[in-house]
Structures are given as structure tokens and as C-alpha cells.
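This report concerns only the one structure given below.
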Amino acid sequence: MTSVDPITLEVVSEGFIAIVREMRATVTRTAYSSAVYELDDFSCGLFAPNGELVAQFNDIPSHVIPAPWGVRCTMEDFGDDIHPGDIFLLNDSYRGGTHLNDVTLLYPVFHQGKLFMLPMVRSHWGDVGGMEPGSYSGEATNIYQEGLRIPPIKLYERGKVNTAAMALILSNMRQPDVRLGDIHSAIGACRIAESRILKMLEKYGAPVVSECIRLDLDRSERRLRERIAKLPDGEYVYEDYLEYFDDGVFDPVLMRLKLTVKGDELIADFEGSNPQVPGPVNTSLAVAGAGIFVGVKATLDAGGTVNGGLFRPLHFKGPEASIVDVRRDAPAGAHAEVRKRAVSVALGALSQIIPDLVSGDLCGTSFPNNMGGFSKRRHRSWAYLEVPAGGNGGLKATDGSSAFVNVDHGNVRSILTVEVLEQDIPFRVKSCELRTDSGGEGASRGGLGMRRELQLVEDEARYSVLSDRAVIPPFGMGMGAHASAQVRASLVVNGEPRAIRNPGKVTGYGLRHGDAVVMESAGGGGYGDPLLRDPEKVRRDVDADYVSIERARDRYGVCFKDDGAVDVKATEAQRKKIAAERVFLAIEADESDPFEGWKGRHRVVRLSEALAARLKVANADLIELKGKNPAPLRAWVRVDPKRKGEKISLDDFGRRVLGVDDGERVLFRKLEMPPLRAGMSGFTERDAIAAAQA
């Protein structure tokens with residue numbers, strides 16, 4: 001064992017981070033894709049041969065955290081058949097990738113004939129040959145529709161390009177010249193990393209550098225273990241949903257989490273989550289685990305270094321062939337949405353342990369909008385990715401940030417500039433503004449989403465969306481806290497607004513000259529009771545057009561005089577009125593299966609006809625229940641003519657989510673939803689047929 005002094009340890013450890021920073025600068029300056037050089041939708045990292053992350057910088061957690069699985073898959077496939085000059089490429093969602101657009105390049109670095117490290121660049125390619133320009137499809141039913149799937153392959157072998165592989169890849173993608181430019185950009189960044197690593201080894205020697213890596217990873221592990229050890233041992237559970245449409249009919253899919261704290265380790269078990277579906281809302285356990293990692297790291301250790309040592313106290317489990325551990329041939333294009341839902345369930349579980357440290361739910365979607373086509377003016381194909389940032393959840397001490405990327409998106413920019421967009425693609429930016437009333441109400445308000453309108457100036461284009469949280473809104477945290485506004489994507493055709501059939505899920509909608517795309521991102525959930533928010537803060541929100549006067553009155557209970565000042569007496573009366581109108585219902589224990597669905601699974605709360613009439617709810621309405629625990633439980637109403645009384649039946653899992661026992665009361669609230677096709681949310685036509693037959 002080599003002894004390393006503290007100064008050398010810091011110099012070497014920070015030296016690796018500096019190498020990654022230089023890699024990032026190289027990619028930014030040389031990449032061909034605007035999603036890379038403008039949006040920063042790429043990541044770099046240094047990995048040990050065993051797959052452990054040695055160093056990263058302000059990279060995207062959704063890229064670097066699942067990357068160790070990709071490195072290990074590559075090592076498993078090639079073993080001893082890795083040589084100087086080899087370069088690997090992969091994007092396979094089943095083999096350590098994320099979605100097919102995120103293409104990973106691995107560059108083995110050898111020292112004295114021995115593999116020492118693997119620099120990595122994972123970047124979002126604007127197109128990978130899917131059925132629509134940009135390779136996003138909200139209606140894909142298998143992975144082959146999403147693009148070219150690349151298992152770990154040698155793109156270069158002993159320094160020589162594999163021309164057959166290169167030709168095959170570029171021939172199956174739109175904009176092959178742009179794709180080739182992105183490959184060379186990544187190779188250039190890795191070659192710079194190689195030179196810096198070899199200089200470091202020359203200066204300090206391999207034994208010292210290796211020991212510094214070990215010590216750095218060990219202390220990161222120790223740091224997180226110390227924070228986990230402060231949590232009370234136990235099992236904490238939560239559930240949430242992803243949005244899936246089966247032939248245009250909404251059929252939500254269930255994600256469940258059991259988070260076990262055992263000493264200084266955490267076990268995240270997704271048992272009970274939905275089996276995989278023939279829609280894009282599936283991903284690998286690596287990606288779903290990344291969502292849990294982000295929730296845990298951001299809550300317990302927001303300022304610490306991110307490297308492979310942090311993974312050691314965390315263990316992930318999930319059922320095979322499920323939405324969190326996908327198998328062939330299910331699509332996996334919405335990996336970001338599944339990851340974000342994993343962040344949501346992590347927040348829900350952690351709120352039962354450390355409520356003061358969590359936030360309201362994040363906007364819950366990356367909201368990717370893809371436009372593409374063939375430009376007659378430029379005589380070439382084009383594809384464009386727009387990801388309008390949403391709101392972040394309110395915190396105990398402060399409001400959530402507005403139109404700002406969530407924590408799992410790292411250094412990605414909130415939005416592309418107008419100048420770059422209008423130069424690169426045939427759209428004109430007609431407006432870009434914060435979205436009034438989109439933040440969830442609470443003692444701390446959730447951040448606002450944005451509204452952005454783009455108008456086509458050439459003859460035609462194709463438009464696709466692959467988002468979530470378009471039906472089921474991000475949740476508020478704490479009694480009384482409200483959900484935020486959902487994602488909304490719509491069109492303006494011949495000057496008239498036009499809704500989209502499946503909210504948040506669009507594939508290849510044809511646009512013509514003058515048509516406009518309207519993208520409205522979701523807000524963040526509120527934190528705490530909105531009736532406890534300082535009325536002066538509400539007044540300032542109204543003045544800034546963050547909150548409407550009507551919403552201030554109806555949700556915050558704040559009323560104003562004619563001159564715009566807070567009306568103190570009217571506010572006191574309005575807040576008492578709102579509090580008195582809240583509905584609380586008793587819980588009764590019932591272990592019968594509460595779930596229904598076709599390919600998805602959704603929780604159902606059965607109500608008597610009299611109670612449904614009193615609550616003004618109907619079949620398929622989305623509701624939430626709030627108990628002693630901060631995060632709510634969502635369910636869909638099923639009016640049951642045979643049911644009597646006013647109690648709500650809940651199974652053990654549901655009672656544990658809310659922190660209530662048999663006989664205790666919970667807050668009942670109806671949630672707003674967009675209009676959906678026949679059968680409404682959660683109830684397909686097949687359900688209706690099955691119910692009638694029964």
C-alpha cells in the first residue's frame with residue numbers, strides 16, 4: 001500500500017475533475033449538434049476498468065450515473081480483447097444505455113501495456129434513425145421504431161476505423177455529416193483526456209495515482225454512509241404513475257418504491273411496479289436507480305463530490321421486464337420521464353423521514369419536443385430538440401425556482417436562445433414567457449413553468465413530443481399543499497388553437513407553413529399549507545403575474561383592495577372559509593386488490609353514489625388523499641352503487657404512504673385533468689366491457 005499525503009490526494013483528485021472539465025470544453029467547441037454545443041445535452045467522465053466512476057464535473061446525472069453499467073457491459077463483452085487504439089460505441093437501452101439518442105463513446109487508456117482508465121463522452125445525438133425526425137415518438141410500441149440500437153462495438157480497432165460499422169451507423173441516421181462531426185468531437189475530447197492522464201501518471205507514478213483514486217472514492221462512500229446512518233432504520237414506501245396511452249386511451253402505469261434504511265445503507269426496491277408496456281415509458285434499472293440516487297444525493301449530501309464511492313451504500317432492485325427494468329423488445333425512449341418519476345417516489349419516501357429537507361415534486365418531465373423535416377432552402381434534412389424547462393418544487397425555506405432545469409438534468413441549459421434556434425431551424429419564436437398559475441400553491445410556492453410558441457416559416461415539418469405529467473400533475477408536499485399545472489402541448493393551425501389527441505404523447509404531427517407549436521411546461525409542487533403563506537408574498541406574486549388574482553383568492557385565500565393592497569379582514573375571512581370547506585374522510589382497512597387497468601395499473605377508490613354526489617366527483621375523476629405524511633396518495637374514482645357509507649377503503653401500502661391507521665381521517669381533494677378520449681383517465685373501453693360482463 002502506497003502512502004499518499006493529503007496535498008497529493010487533493011491535487012490528483014481535483015486533477016481528474018480538471019481533465020473532465022477540459023473534455024467538456026472540447027466537446028462544446030467542436031460538436032456539430034446544437035443540442036450538444038448550445039443545450040449542453042452531453043456528459044463526460046473518467047471510469048476505472050471495473051466500471052466505477054472516478055471523476056465527473058457539472059455533467060448530467062442521468063448520463064453519468066447509469067454509465068457504469070455501460071462500461072461493465074463493454075468489459076463483459078470484450079474482456080481481454082481490448083487494446084490500445086480501440087474505441088467503443090454504444091447506445092443500447094438494454095445494455096447500459098439510456099435512450100437510443102444518448103450515444104456513448106468509450107476510449108481505453110493504457111499505461112505500460114495495462115488498461116488504466118476509460119474516458120467517456122455520452123452525448124445526445126439529434127437523430128438516430130427513428131421513425132420520426134429526431135427519433136422521439138410518444139406512440140412507439142417497440143424499440144425498433146425509436147432508432148438504431150448499438151450494442152457495445154469497436155468503432156476503431158487498434159487505431160484503425162471500422163469502416164463497415166461507421167458506414168452502417170451513418171447510413172441509418174438523418175444528418176450523417178452532423179453525426180460524424182459529433183463522433184470526432186467525442187474522440188478529440190477523449191484524446192485530450194488520454195494525454196492529461198498519461199502526464200499525471202508520468203509525474204506521480206501509477207501506484208500513487210491508483211491509491212489517490214481509491215482514497216477519493218472511499219471518502220465519498222464514507223461521507224454518504226455517515227448521512228444515511230443518521231436516518232432511522234425502517235421501510236418507507238411510495239407510489240406514483242407514468243402516463244401511457246393504449247391506442248389513444250389513457251392507461252396509467254404504476255411505479256412503486258420501498259426504500260429500506262438499514263444502518264448505513266439504503267435499499268431501493270421497485271417491487272410491485274408495472275410490467276413493461278408496449279409504449280415508451282420503460283427504462284433500465286440503471287436509469288431508474290439514477291433517479292433514486294439523485295433524490296438521495298440531493299437531499300442528504302447536496303454539496304459533496306459525485307464519484308463511484310457514492311454508489312456503494314445504495315442497492316437497487318426491480319422486477320424483470322418491468323417499467324424499471326426493461327427487456328426486449330419494449331421501447332425505452334422516455335427514459336428521462338421514468339427517471340424523473342423515480343425522483344418523485346424517492347422524494348415521497350424520504351418525506352416520511354426528513355420532511356424538512358425535501359421539496360414539493362419537481363415538474364416531473366424533461367418535456368422533449370422534436371421538430372424535423374427537409375429544408376428546401378438549405379437542401380438538407382434537419383432535426384431539432386427543444387426542452388422547455390419547468391418549475392422546481394417549493395422548499396420549507398423558499399419558493400421553487402421557475403423555468404429552471406431539475407436537479408437530475410445537471411448543467412443542461414433551461415432553453416435554447418432565440419438567435420440560435422432561428423438560425424438553425426425554420427421556426428420563428430413568437431413568444432417566450434413564464435406561465436401564470438403554473439406553480440403549485442403552498443406556504444412556499446412551487447416554481448413556474450414556461451410558455452413558448454414557435455411558428456413554422458418553411459413549407460412543412462413533423463412534430464413529436466414524448467413527455468409525462470400532461471395528465472397527472474406534480475404533487476404538493478404537506479397538508480393543504482397543491483399540485484402544479486401539468487404539461488400542455490398544443491398547436492395553432494390557421495390561427496385557431498388545436499388540442500393534441502394524447503396529451504404529452506405526439507408522433508410525427510404534420511405541420512404546414514404558418515402553423516405554430518405551443519409548448520407549456522409543468523410547474524413544481526407547493527410545500528406546506530397555502531393558507532399560511534405571507535399575504536405580502538402573494539401580493540408580490542400577483543404583481544409579477546406569477547399568480548392571478550382569482551388563484552390568490554381561491555387557493556391562498558388572499559383578497560385585495562381596489563388599490564392592490566392586501567385586504568386583511570377579507571383575507572382572514574376567506575382563509576377561514578377555505579379551511580372550513582376542506583373535506584376529511586375516515587379510512588377503513590381493506591386488503592382487497594385496489595388496482596385496475598389494461599396493460600397499466602392504477603389505484604381505484606370506490607365511493608358510494610351518495611358520497612360521490614356530495615363530493616361532486618364522477619367515475620374516472622383523479623383525486624388525491626393527504627394524511628399525516630407529507631406526500632399525497634393518488635387514485636381514480638369508481639362510483640359503486642353497492643357501496644354504502646362515507647369511509648374510504650385503503651390497503652396496507654396506501655395507509656403506509658399516508659401514515660394513517662384504520663379509522664383515522666384524510667384530506668380528500670379532486671384534481672384537475674385535461675379532457676381525454678372515451679373512457680377517460682384510467683378506465684379503458686376494455687375495462688368497461690369487462691365490468692359489464694362481470
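Worth a mention:
- Residues satisfying the stated conditions in the stretch 26-48, i.e. farther than 27 Å from PHE116 by Cα and either small (Gly, Ala, Ser) or not in a helix (DSSP H, G or I) (or both): TYR32, SER33, SER34, ALA35, GLU38, LEU39, ASP40, ASP41
- Residues of the stretch 310-323 that turn out to be out of contact with any strand residue (DSSP E or B) (no Cβ under 7 Å at 6 or more places or on another chain) and farther than 19 Å from LEU231 by Cβ, as a count: 1
- Residue list for the stretch 498-541, restricted to those being basic (Lys, Arg) and either surrounded by fewer than 19 Cβ atoms within 10 Å (Cβ to Cβ) or under 30 Å from ASP356 (Cβ atoms) (or both): ARG498, ARG501, ARG512, ARG533, LYS537, ARG539, ARG540
- Looking across the stretch 315-340, the residues that are in contact (Cβ under 8 Å) with a residue 60 or more places away in the chain and touching a helix residue (DSSP H, G or I) at 6+ places or on another chain (Cβ under 7 Å) come down to ILE323, VAL324, ASP329, ALA330, PRO331, ALA332, HIS335, ALA336, VAL338, ARG339, LYS340.
- For the stretch 415-439, a residue qualifies if it is outside any strand (DSSP E or B) and touching a strand residue (DSSP E or B) at 6+ places or on another chain (Cβ under 8 Å), and the qualifying residues are ILE415, LEU416, VAL418, LEU421, GLU422, ASP424, ILE425, PRO426, ARG435, SER438.
- Output for the stretch 496-551, where each listed residue is of a type in the set (A, V, I, L, M, F, W, C), closer than 28 Å to GLU337 by Cα and free of Cβ contacts under 8 Å to residues at least 40 places away in the same chain: ILE500
- Of all residues making up the stretch 583-594, the number that are surrounded by fewer than 16 Cβ atoms within 10 Å (Cβ to Cβ) and out of contact with any helix residue (DSSP H, G or I) (no Cβ under 9 Å at 6 or more places or on another chain): 5
- Among residues of the stretch 371-398 being free of Cβ contacts under 8 Å to residues at least 60 places away in the same chain and not aliphatic (A, V, I, L, M), the one that is surrounded by the most Cβ atoms within 10 Å (Cβ to Cβ) is PHE374.
- Within the stretch 351-370, the set of residues being surrounded by 24 or more Cβ atoms within 10 Å (Cβ to Cβ) and of a type outside the set (S, T, N, Q) comprises VAL358, GLY360, ASP361, LEU362, CYS363, GLY364, PHE367, PRO368.
- Residue among ALA229, ALA268, ALA302 that alone is surrounded by 22 or more Cβ atoms within 10 Å (Cβ to Cβ) and not assigned by TED's automatic domain parsing to the domain that holds ASN58: ALA268
- Qualifying positions in the stretch 602-655 - within 14 Å of ASP590 (Cβ to Cβ) and of a type in the set (Ser, Thr, Tyr): SER649
- Helices (runs of 4 or more DSSP H) contained in the stretch 151-262 and holding at least 2 residues in contact with a Pro (Cβ under 6 Å, 6 or more places away or on another chain): 176-204, 206-229
The values are calculated or read from the model by the stated rules, or taken from the named source; none is laboratory data. Note that this is a predicted model, so its numbers are computed, not measured. Counting neighbours? That spans all protein chains shown, and the Cβs are built from the backbone with ideal geometry, glycine included.
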